[in-house]
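The structure under discussion appears below in the form of structure tokens.
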Amino acid sequence: MVKAHLSNWHRNHRSDIAGRVLKAKAIWERAQRVLDDNPLSESVKSAKRLAAKNYQELIRDEEAFYKQKSRIQWLTLGDRNTSFFHRSMQHRHLRNRINGLMGNDGVTAHDQSTMGVIAV
């Protein structure tokens, strides 16, 4: 019973995010055209604001969906191909590493102890 309700909710509210974004964008653009024809109507302004808000929320949801999907694919790639995964992690570690800091005197320090003093 609960599973059926959850499946129905997912189908109506979470699936086909790209289609729902396109539909919300069309509604928002239609509301904008109506507002252009009727710029003084408060109800039209309100409807346009609501359509814009709905569209923005769906865009954020779509972005989160694709971000989560890419992370899942990344984990899958990392699990399947360990040499690729480890090389990319080494590259990321080197990219994120701080190789030098410039002190107030304008001198750049490259050793860990001097960088620690500059950072503090």
Worksheet item: Can you spot a residue in region 59-75 that is modelled with pLDDT under 85, aliphatic (A, V, I, L, M) and closer than 30 Å to Ile118 by Cα?
Response: no
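Name every residue in region 28-44 that is out of contact with any Lys or Arg (no Cβ under 7 Å at 6 or more places or on another chain), of a type outside the set (A, V, I, L, M, F, W, C) and under 26 Å from Ile17 (Cα atoms), in order of residue number. Working first, answer last.
Filtering region 28-44 down to residues out of contact with any Lys or Arg (no Cβ under 7 Å at 6 or more places or on another chain) leaves 28-30, 33-34, 36-44.
Next, only the ones that are of a type outside the set (A, V, I, L, M, F, W, C) stay: 29-30, 33, 36-39, 41-43.
Correct list: Glu29, Arg30, Arg33.
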Practice prompt. Filter region 1-45 for residues that are charged (D, E, K, R), over 21 Å from Asp61 (Cβ atoms) and exposed (fewer than 12 other Cβ atoms within 10 Å of the Cβ) and give the result.
Written response: Lys3, Arg33, Asp36, Asp37, Glu42
Item to complete: State whether the residues of region 15-27 include one that is under 27 Å from Tyr66 (Cβ atoms), outside any helix (DSSP H, G or I), acidic (Asp, Glu) and out of contact with any strand residue (DSSP E or B) (no Cβ under 6 Å at 6 or more places or on another chain).
Response: yes
Fill in: Restricting region 28-52 to residues that are among the hydroxyl-bearing types (Ser, Thr, Tyr) and more than 31 Å from the chain's Cα centre (by Cα), the residue that is farthest from Phe65 (Cα to Cα)
Ser41
Worksheet entry | Flag for Glu57 being among the charged types (D, E, K, R) and loosely packed, with under 10 Cβ neighbours inside 10 Å | no
Fill in: The lone exception for Ala109 - which of (1) in contact with a strand residue (DSSP E or B) (Cβ under 6 Å, 6 or more places away or on another chain); (2) at pLDDT below 80 it fails
(2)
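The values are calculated or read from the model by the stated rules, or taken from the named source; none is laboratory data. Note that the structure is a prediction, hence the values are computed from the model and not measured. Note that each Cβ is placed from the backbone with ideal geometry, even for glycine, and that neighbours are counted across all protein chains shown.
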